[in-house]
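Data block below; observations after.
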Amino acid sequence: RENSDKINCFDFSSNGETVISSSDDDSIVLYDCQEGKPKRTLYTHAANTVVYSSNKIDGKYHSILSLHDNKYIRYFPGHTKRVVALSMSPVDDTFISGSLDKTIRLWDLRSPNCQGLMHLQGKPVCSFDPEGLIFAAGVNSEMVKLYDLRSFDKGPFATFKLQYDRACEWTGLKFSNDGKLILVSTNGGALRLLDAFKGAVLHSFGGYNNSKGVTLEASFTPDSQFIMIGSEDGKIHVWNVESGMKVAVLDGKHTGPVTCLQFNPKFMTFASACSNMAFWLPTIDD
């Protein structure tokens, strides 16, 4: 309960030992995942900031923040409107960003200069695959385009067009850890699961509350067997990937919409957040 306002983003370290959250109260909190306790709180004076800020600071829309001395190490100028998607490569210092300026940019953490630029239609969402070789771009809430990172300037090598739903827009893309599936999140009451190779819609998941168009983060479990998402009523819904059936509804005593949810990459735990951060352990049968 370190935050006084909504937690808008969090992410785990690659070793699973820490998780960092950002909040609308302009703070960043670093947590110890094994203890479930805060290690440090930083104040950024810029909302929606994690390790890479996605808010405008001195004309730049995202940056690297040092967790040691609360100073900005490097800015990445280029986007002219708010950044709405960020994805770090799982294998190197590359990351991609999508903005309301209708562009996706490719970056290297060691350089402030944009390494690549793509112009798209509509609000973009984007994500790397688990091997860091390709990335997916969601375009205009109706199309997924796959790009080879080494030759993305040649255009997508695959394009999957989905039926356009005027009732909601896409808010996120995520690959499963085995690289076989793509999960499309929306600001409505439905998720879509795609075959990452053919683009076919395998399942649509619903039955959770999202009547106000809130951005709710959905995630795969690390074994790619389950999908989880929070809800406006503070509950967490879990589906089996293969069958598409809902297998659990968890109550974490959240006081508002569960906007952020991720599974730990190394340990059998996950975290969920509204204005509070909740850490979960599996039930152990006697």
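The values are calculated or read from the model by the stated rules, or taken from the named source; none is laboratory data. Just so it is clear, the model here is predicted, and its values are computed rather than measured. Note that each Cβ is placed from the backbone with ideal geometry, even for glycine, and that neighbours are counted across all protein chains shown. Accessible surface areas use protein heavy atoms only, side chains included; no ligands, DNA or RNA. Shrake-Rupley method; radii C 1.70, N 1.55, O 1.52, S 1.80 Å.
Taken as a whole, the structure places residue 128 among residues that are open to solvent by less than 40 Å² (accessible area, probe 1.4 Å), in contact with a strand residue (DSSP E or B) (Cβ under 8 Å, 6 or more places away or on another chain) and among the aromatic types (Phe, Trp, Tyr).
Across the stretch 237-271, the qualifying residues are those that are in a loop (DSSP other than H, G, I, E, B) and of a type in the set (A, V, I, L, M), and the one among them that is nearest to the chain's Cα centre (by Cα) is 258. Name the pairs whose Cβ atoms lie under 8 Å apart, with the first residue in the stretch 1-25 and closer than 14 Å to residue 39 by Cα, the second open to solvent by 40 Å² or more (accessible area, probe 1.4 Å) and hydroxyl-bearing (Ser, Thr, Tyr), and 6 or more positions between them or separate chains? Taking only residues 6 or more apart or on different chains, the pairs are 2/41.
Would you check if residue 59 is farther than 30 Å from residue 164 by Cα, at pLDDT 90 or above and small (Gly, Ala, Ser)? It is false that residue 59 is farther than 30 Å from residue 164 by Cα, at pLDDT 90 or above and small (Gly, Ala, Ser). Checking each residue in the stretch 169-189 for being at pLDDT below 90 and either surrounded by fewer than 15 Cβ atoms within 10 Å (Cβ to Cβ) or more than 16 Å from residue 124 (Cβ to Cβ) (or both) picks out 188, 189. Restricting 197, 279, 226 to residues that are closer than 15 Å to residue 10 by Cα and open to solvent by 30 Å² or more (accessible area, probe 1.4 Å) narrows the list to 279. Starting from residues that are aromatic (Phe, Trp, Tyr) and under 20 Å from residue 215 (Cβ atoms), keep the ones in the stretch 1-38 and report whichever is nearest to the chain's Cα centre (by Cα). Checked the stretch 1-38; the qualifying residue nearest to the chain's Cα centre (by Cα) is 10. When you check residue 171 against the structure, is it over 18 Å from residue 228 (Cα atoms) and either of a type in the set (Phe, Trp, Tyr) or in a strand (DSSP E or B) (or both), yes or no? Answer is no for this residue.
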